[in-house]
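Colleague: Starting off with a structure, shown below.
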Amino acid sequence: MKFADVVINRPVEGPFSYSVPDELGEQVKVGSCVQVSFGPRNLTGYVVGLSPKCDIKNIKPITSVLDRAPLIDEKMLELTKWISDYYYSSWGEAISAAVPAVIKRTMKSKRRAKKEEPEEDEIRFIDGSDKHLSPNPEQKHALDSIKKCIDKKKHEVFLLHGVTGSGKTEVYLQSIAHALEKGRSSIILVPEISLTPQTVARFRARFGDKIAVLHSRLLGSRRASEWQRIFSGEAQIVVGARSAIFAPLKNLGLVVVDEEHETSYKQMDVPRYNARDVAIKRAELSNAVVILGSATPSLESFYAARKGRYTLVELPERIDARLLPEVNIIDMRDELTKTKRFPIFSLPLKNWIEKDVREDKQVILFLNRRGFSTFISCRKCGYVLSCKRCNVSLTYHFHTKKLTCHHCSYRQDPVDICPQCNSSYVKYWGTGTEKVESELHRFFPSARIARMDTDSTHKRGTHEKVLTNFKNHKIDILVGTQMIAKGLDFPKVTLVGVVSADTALNLPDFRSAERTFNLLTQVAGRAGRGDLGGRVIIQTYTPGHYAIQSAKTHDYNNFYAKEISFRKELDLPPFSHMVSLTFRGRKEEKVLKVANSLKDKLEKRNRSKDVHIVGPAPAPISRMKGTFRWNLFLKSDKVENITGLLRNVLGTRKREGGVIITIDVEPC
Ligand code: ADP
Ligand code: ZN
Ligand code: ZN
């Protein structure tokens, strides 16, 4: 083969043709990683095809081959091609996402990974059993259907719907074991590995060294060596976050996507793929089975199951018929009327915390806002202290004694005098986790209290330390953001308090009700995991909302029924597919002009009217880091209608008159 089709990690279409010099003839294969000259630069590219002839004159040669054997096989090429088509990236960008950066660096420098870096502080709970548990009838039913598909090498997507503690993980474990017996490998995706140490521990306990863990915080050389263990076939089971879906396993038989509804499966950079949907595609290409597991399936997945595209399997009860915790909704409007102020803790919440701490039980308090005061304004003139570069208000952080922007690195000293009217009526409002922590100290001086959020855990190892201390009951009350909502299983936690259920509900996003229901259900799942029973207290100013009411009764079906009719009425996903375009620039008029003119062009080309174009509208944070941001939303019953139209009108252009355009297919 004398000629190669090469794609590169840039937003350009391709593939581009290069000749294969004789001395490289043996080494250049489909899937090879090569160096090519592209314009004035030398870039890394991937060979996606070979051919004996080529019509192009003055063709340039491949400069060098970077890998000894191709890292990308035919199936991975097909998968990345699909990603690039579906998520509107170049093929080279999609391949690049599939090969970890550390592997690419190692190849380029033609050296092996540098000296071994110190090992992670990995939390090792010992509560994972190494033996299979005998499945209950529902688990058995699920396992029978899953095993049958694995045996027949039949691609099928199972939606495993069960509350926390209903035995989903045990179904994953036994399905993986079955695949392994049949000589087939498995991938288990978890939303964020550092937040699910107990799950990982259970997989390790059952499968030992057959497992490779692709930790999101793994250091470079460890990541490279785990990848090598997978590539060589030594590890046949991979547990990891989003990008683990590209693990170079052979003979894939099963992909598990735990907490399939989680937004962390969506990659925010190009290619903006959703690992759940990539998982389904990868499994389809390998005739593998997919298990999507969740207590609160995404509307998309549950709808697909209702329509028969996925197979719904339900685990309706907790193991040992352990009861779900009782959920009490506290109407904070009443508290407001009674106390004439906005209390952080309602009386019932305060009483329950007091009682449980006294009885030597544990409490989790949840609030999805960091910092101390989340809003600072002048009571005289109404001035709000906001970031100089973003239009969001600043948050006061007690620990650093600074006013901080949560969207950029802006910080300033706190103020007592209003910058606008010079009055001294500046007031600090709003409640973040730091204030909750400090109020807890005030009300419960003898309790041992800890806080867990990204402020308290950015130092390596602190996160694990807090969890271990909580596990060993050296902490009575744990306060945190959604970091503590997931996956934790602490039997002595009898009370979970949601300080405010309204933060997520008030976001300007059609998924805000879904997010709220998911979060409340998940947080509630942290209570009553042992024999002591459990109680959840949700404080809210909108107690009647169906997301909150459904969380109270643990009723997914009720929530789904309400939400799906709302989506249908407004033709929102899953009834339509959506692509969002974001326009960013320093000058707002320019941003708007580019957005409007692109909209016009799209409307003109949209002859069959199968794409519905909404906007331009300011982005939820309409100015960030000094740039203005506007959105266009494109809806259609097929993603291909939208991306086809965009390819026609916009092509690979990412910039117009200084305005940057980003395209997000199925944003979340
Ligand atoms: P989920 O993943 O749905 O939260 P798990 O699989 O973690 O549920 O199960 C909850 C608890 O019940 C775990 O402690 C698990 O070991 C136990 N368990 C699961 N299946 C069984 C079973 N068939 N028999 C006994 N205990 C089980
Ligand atoms: Zn003022
Ligand atoms: Zn800012």
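The values are calculated or read from the model by the stated rules, or taken from the named source; none is laboratory data. Quick caveat, the model's predicted, so the values are computed rather than measured. Backbone-built Cβ (ideal geometry, glycine too); neighbour counts: all protein chains shown.
Colleague: Would you confirm whether any residue within region 155-169 is surrounded by 22 or more Cβ atoms within 10 Å (Cβ to Cβ), of a type in the set (D, E, K, R) and within 23 Å of the chain's Cα centre (by Cα)?
Modeller: Yes - at least one qualifying residue is present in region 155-169.
Colleague: From the list 379, 370, which one is of a type in the set (D, E, K, R), in contact (Cβ under 8 Å) with a residue 12 or more places away in the chain and within 16 Å of ligand 3 (Cβ to nearest atom)? Before the answer, list the steps.
Modeller: On the way: 379 fails: within 16 Å of ligand 3 (Cβ to nearest atom).
Exactly one of 379, 370 is of a type in the set (D, E, K, R), in contact (Cβ under 8 Å) with a residue 12 or more places away in the chain and within 16 Å of ligand 3 (Cβ to nearest atom), namely 370.
Colleague: Could you tell me how many of the residues in region 10-43 are touching a Leu at 6+ places or on another chain (Cβ under 9 Å), in contact (Cβ under 8 Å) with a residue 40 or more places away in the chain and β-branched (Val, Ile, Thr)?
Modeller: So the count comes out to 2.
Colleague: Still on this model: Which of the numbered conditions does residue 356 fail, given that it passes all the others? Conditions: (1) in contact with a His (Cβ under 9 Å, 6 or more places away or on another chain); (2) under 16 Å from residue 449 (Cα atoms); (3) surrounded by 14 or more Cβ atoms within 10 Å (Cβ to Cβ); (4) not aromatic (Phe, Trp, Tyr).
Modeller: Only one criterion in (1) in contact with a His (Cβ under 9 Å, 6 or more places away or on another chain); (2) under 16 Å from residue 449 (Cα atoms); (3) surrounded by 14 or more Cβ atoms within 10 Å (Cβ to Cβ); (4) not aromatic (Phe, Trp, Tyr) is unmet by residue 356, namely (1).
Colleague: Do the conditions hold for residue 48, that is, is it at pLDDT 90 or above, assigned to a strand (DSSP E or B) and surrounded by 14 or more Cβ atoms within 10 Å (Cβ to Cβ)? Before you say what the answer is, go through the steps one by one.
Modeller: On the way: at pLDDT 90 or above: yes; assigned to a strand (DSSP E or B): yes; surrounded by 14 or more Cβ atoms within 10 Å (Cβ to Cβ): yes.
It is true that residue 48 is at pLDDT 90 or above, assigned to a strand (DSSP E or B) and surrounded by 14 or more Cβ atoms within 10 Å (Cβ to Cβ).
Colleague: Quick one: count up the residues across region 473-515 that are in a helix (DSSP H, G or I) and either at pLDDT 90 or above or within 16 Å of ligand 3 (Cβ to nearest atom) (or both). Explain how you work it out, then say what you get.
Modeller: Let us first name the residues in region 473-515 that are in a helix (DSSP H, G or I), namely 482-484, 502-505, 512-515.
Of the ones still in play, those that are also either at pLDDT 90 or above or within 16 Å of ligand 3 (Cβ to nearest atom) (or both) are 502, 512-515.
So the answer is 5.
Colleague: If I ask for residues that are polar (S, T, N, Q) and either within 16 Å of ligand 2 (Cβ to nearest atom) or in a loop (DSSP other than H, G, I, E, B) (or both), which ones from region 395-416 would you list?
Modeller: As a first pass, look at region 395-416 and keep what is polar (S, T, N, Q): 395, 400, 404, 409, 412.
Of everything in region 395-416, those that are polar (S, T, N, Q) and either within 16 Å of ligand 2 (Cβ to nearest atom) or in a loop (DSSP other than H, G, I, E, B) (or both) turn out to be 400, 409.
Colleague: On the basis of being of a type in the set (Asp, Glu), modelled with pLDDT of 95 or more and not in a strand (DSSP E or B), does residue 234 make the cut? Spell out how you get there, then give the answer.
Modeller: Values: of a type in the set (Asp, Glu): yes; modelled with pLDDT of 95 or more: no; not in a strand (DSSP E or B): yes.
Here the answer is no, as residue 234 does not meet what is asked.
Colleague: Is it the case, given these coordinates, that residue 236 is touching a helix residue (DSSP H, G or I) at 6+ places or on another chain (Cβ under 9 Å) and closer than 20 Å to residue 578 by Cα? Write out each step before concluding.
Modeller: Details: touching a helix residue (DSSP H, G or I) at 6+ places or on another chain (Cβ under 9 Å): yes; closer than 20 Å to residue 578 by Cα: no.
The answer is no for residue 236.
Colleague: Can you find a residue in region 373-394 that is more than 16 Å from ligand 1 (Cβ to nearest atom), under 30 Å from residue 474 (Cα atoms) and in contact with a His (Cβ under 7 Å, 6 or more places away or on another chain)? I'd like the intermediate steps shown before the answer.
Modeller: Keep residues of region 373-394 that are more than 16 Å from ligand 1 (Cβ to nearest atom), which gives 373-394.
In the following step, the residues that additionally are under 30 Å from residue 474 (Cα atoms) were identified as 373-374.
Cutting the leftovers down to in contact with a His (Cβ under 7 Å, 6 or more places away or on another chain) gives us none.
No, because not a single residue in region 373-394 is more than 16 Å from ligand 1 (Cβ to nearest atom), under 30 Å from residue 474 (Cα atoms) and in contact with a His (Cβ under 7 Å, 6 or more places away or on another chain).
Colleague: Is it the case that some residue within region 300-318 is within 24 Å of residue 540 (Cβ to Cβ) and either more than 16 Å from ligand 2 (Cβ to nearest atom) or not acidic (Asp, Glu) (or both)? Reasoning before the result, please.
Modeller: In the first step, residues of region 300-318 are kept if they are within 24 Å of residue 540 (Cβ to Cβ); the result is none.
So far as region 300-318 goes, no, none of its residues is within 24 Å of residue 540 (Cβ to Cβ) and either more than 16 Å from ligand 2 (Cβ to nearest atom) or not acidic (Asp, Glu) (or both).
Colleague: Any residue at all in region 377-397 that's crowded, with 16+ Cβ neighbours inside 10 Å, charged (D, E, K, R), at pLDDT below 95 and not assigned by TED's automatic domain parsing to the domain that holds residue 522?
Modeller: Taking every residue of region 377-397 in turn, at least one turns out to be crowded, with 16+ Cβ neighbours inside 10 Å, charged (D, E, K, R), at pLDDT below 95 and not assigned by TED's automatic domain parsing to the domain that holds residue 522.
Colleague: Let me ask something else. Mind listing whichever residues of region 613-646 are within 16 Å of ligand 3 (Cβ to nearest atom) and part of a loop (DSSP other than H, G, I, E, B)?
Modeller: 625, 626, listed by residue number.
Colleague: State which residue pairs qualify: first residue in a strand (DSSP E or B) and at pLDDT below 95 and inside region 274-300, second residue more than 16 Å from ligand 1 (Cβ to nearest atom) and polar (S, T, N, Q) in any location, beta carbons under 6 Å apart, and separation of 6 or more residues or different chains.
Modeller: Final answer for the pair search is none.
Colleague: So, in region 601-633, exactly how many residues are buried (at least 16 other Cβ atoms within 10 Å of the Cβ), small (Gly, Ala, Ser) and closer than 18 Å to residue 570 by Cβ?
Modeller: 1
Colleague: On to the next question. Which ones in region 365-394 are of a type in the set (Gly, Ala, Ser), assigned to a loop (DSSP other than H, G, I, E, B) and within 27 Å of the chain's Cα centre (by Cα)? Write out each step before concluding.
Modeller: Pass one, region 365-394, residues of a type in the set (Gly, Ala, Ser): 371, 373, 377, 382, 386, 393.
Now drop any that are not assigned to a loop (DSSP other than H, G, I, E, B), which leaves 371, 382.
The answer is 371, and nothing else.
Colleague: On the given criteria, is residue 346 of a type in the set (Ser, Thr, Tyr), outside the structural domain of residue 466 (by TED's automatic domain parsing) and under 24 Å from residue 438 (Cα atoms)? Even if it seems obvious, please write down each step before you answer.
Modeller: On the way: of a type in the set (Ser, Thr, Tyr): yes; outside the structural domain of residue 466 (by TED's automatic domain parsing): no; under 24 Å from residue 438 (Cα atoms): yes.
Answer is no for this residue.
Colleague: Could you say which residue among 361, 350, 281, 338 is away from ligand 3 (no atom under 16 Å from the Cβ) and loosely packed, with under 15 Cβ neighbours inside 10 Å? First the steps, then the outcome.
Modeller: Numbers: 361 fails: loosely packed, with under 15 Cβ neighbours inside 10 Å; 350 fails: loosely packed, with under 15 Cβ neighbours inside 10 Å; 281 fails: loosely packed, with under 15 Cβ neighbours inside 10 Å.
From the options 361, 350, 281, 338, the qualifying one is 338.
Colleague: Among the residues of region 124-148 satisfying the criterion of being at pLDDT below 95 and of a type in the set (A, V, I, L, M, F, W, C), which is surrounded by the most Cβ atoms within 10 Å (Cβ to Cβ)?
Modeller: Here the answer is 125.
Colleague: Shifting gears a bit: For region 573-596: of the residues being surrounded by fewer than 17 Cβ atoms within 10 Å (Cβ to Cβ) and in contact with a Phe, Trp or Tyr (Cβ under 8 Å, 6 or more places away or on another chain), which is nearest to residue 660 (Cα to Cα)?
Modeller: Filtering region 573-596 for residues that are surrounded by fewer than 17 Cβ atoms within 10 Å (Cβ to Cβ) and in contact with a Phe, Trp or Tyr (Cβ under 8 Å, 6 or more places away or on another chain), the one nearest to residue 660 (Cα to Cα) comes out as 586.
Colleague: Across region 417-471, what is the total count of residues that are within 16 Å of ligand 2 (Cβ to nearest atom), assigned to a loop (DSSP other than H, G, I, E, B) and at negative phi? I'd like the intermediate steps shown before the answer.
Modeller: In the first step, residues of region 417-471 are kept if they are within 16 Å of ligand 2 (Cβ to nearest atom); the result is 417-429.
Cutting the leftovers down to assigned to a loop (DSSP other than H, G, I, E, B) gives us 417-425.
Next, only the ones that are at negative phi stay: 417-421, 423-425.
Residues flagged as within 16 Å of ligand 2 (Cβ to nearest atom), assigned to a loop (DSSP other than H, G, I, E, B) and at negative phi within region 417-471 amount to 8.
Colleague: State yes or no: is residue 329 at pLDDT 95 or above, away from ligand 1 (no atom under 16 Å from the Cβ), touching a helix residue (DSSP H, G or I) at 6+ places or on another chain (Cβ under 6 Å) and closer than 28 Å to residue 527 by Cβ?
Modeller: On the way: at pLDDT 95 or above: yes; away from ligand 1 (no atom under 16 Å from the Cβ): yes; touching a helix residue (DSSP H, G or I) at 6+ places or on another chain (Cβ under 6 Å): yes; closer than 28 Å to residue 527 by Cβ: yes.
When the stated conditions are applied, residue 329 passes them.
Colleague: Looking at (1) modelled with pLDDT of 95 or more; (2) assigned by TED's automatic domain parsing to the domain that holds residue 497, which is the one condition that is false for residue 458?
Modeller: (1)
Colleague: From the residues in region 153-173 that are of a type in the set (D, E, K, R) and closer than 18 Å to residue 302 by Cβ, which one is farthest from ligand 1 (Cβ to nearest atom)? Write out each step before concluding.
Modeller: To start, the set of residues in region 153-173 that are of a type in the set (D, E, K, R) comprises 153-154, 156, 168, 170.
Now restrict to residues that are closer than 18 Å to residue 302 by Cβ: 156, 168.
Working: 156: 20, 168: 3 Å.
Of everything passing the filter in region 153-173, 156 is farthest from ligand 1 (Cβ to nearest atom).
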